[in-house]
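Peer 1: Sharing a structure below in structure tokens format, with a few things to ask.
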Amino acid sequence: PRPSPTPATTTPATSPSVSPSAVRPSVPAGTIPLGTWSLESVRAPGRYLTVDGDVAGLDEVTGASSAQARRRATFTVSRGLADPDCVTLRSADGRYLRHASLRLRLSPNEGTPLFREDATFCPERGATAASVTMRAHNYPHLVVHERDVGFWIDFPDGTQTFARASSFRVRNPWA
């Protein structure tokens, strides 16, 4: 069975001068709570899942980053559009993170069954304590993985290097 999304916990507000990693939310391993969060790479601490235009990438975000950069690294997490035991991530502009042609990108809600499947990810324990990996709902053998200056859904290769490049720490939101 898949871990269910957990309700958001109350966390202290984070000002732009304070790193989200400095104030840690109470998040069970392998989950992404419902609410607003930033996802820090396990492989590259200080770098976050972000969006630039319509594609997902990995960028450094700090308290000195622009408000726009902090917004690009912040997602609203809700119950999965295709499965309420999984999650869907939405950017500040209302578009959804989904996979299309195996690449993670932002897209408006098309209202189709395929869109709902592509925009649903099932969290599970990541490579390190208190981290999470996201499986594609409609391709459960593929996980969100950072490579080639972007995020894709890929087959895990069983290595620790791959596992770390596919794992995130849930952090308080940058925006």
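Peer 1: Return the distance in nm (one decimal) between the two label points of a simple spin-label model at ALA129 and ARG147, each offset 7 Å from Cα along Cα→Cβ.
Peer 2: 3.0 nm
Peer 1: With an 8 Å cut-off on Cα pairs and a minimum separation of 6 or more residues, tell me the relative contact order of the range 35-171 in percent.
Peer 2: It rounds to 25 percent for the range 35-171.
Peer 1: A further question on this structure: At q = 0.12 Å⁻¹, what base-10 log of I(q)/I(0) does the Debye formula yield for the chain when every alpha carbon is treated as an equal point scatterer in vacuo?
Peer 2: -0.46
Peer 1: Taking θ = phi - 60°, what integer Hz values does the Karplus form 6.51 cos²θ - 1.76 cosθ + 1.60 yield along the range 163-174, in sequence order, with x for Gly and Pro?
Peer 2: Computed from phi, the couplings for the range 163-174 are 4, 5, 6, 10, 10, 10, 9, 6, 10, 4, x, 6 Hz.
No lab work stands behind these numbers, since they all come straight from the coordinates. On a predicted model such as this, the values are computed, not experimentally measured, just so you know. With ideal geometry, Cβ positions are generated from the backbone for all residues, glycine too; neighbour counts draw on all protein chains shown.
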